[in-house]
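Take a look at the structure set out below.
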């Protein structure tokens, strides 16, 4: 019998994909918002596809803010976009 893979919904496009295909944006207990490349850090998480367009869509529709239950400042949005560009190109450490 095949092992069941957990599915998560992208907060940008709404597609259901496996956890391994997505990136987790995390709000830590210290209210810090970061991209969790391991998917195992503690805190409230929201999943997005591995594309900059999904991140921008999640920010535009406030899906990311709803999922994390916190407002996201503009400076942090720019930082998340830079990190996502690095992840898309595959130059981020730990990948």
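Nothing in this text is a laboratory measurement; each read-out follows from the coordinates by a stated rule. Remember, predicted model here, so these are calculated numbers, not experimental data. Heads up, the Cβs are rebuilt from the backbone with ideal geometry, glycines too, and the neighbour counts pull from every protein chain shown.
Here are a few things to note about the model shown:
- Nitroxide proxy distance, nm - points 7 Å out along Cα→Cβ at residue 20 and residue 7: 1.7 nm
- Over the range 1-46, the Kirkwood radius and the radius of gyration, each from Cα atoms, give a ratio Rg/Rh of 1.03.
- Under conditions of 4 °C and 1.567 mPa s, the chain yields 96 µm² s⁻¹ as its translational diffusion coefficient, taking Rh as the Kirkwood radius over Cα pairs in the Stokes-Einstein equation.
- Value of relative contact order over the range 9-89, rounded to a whole percent, pairs C-alpha under 8 Å and six or more apart: 31 percent
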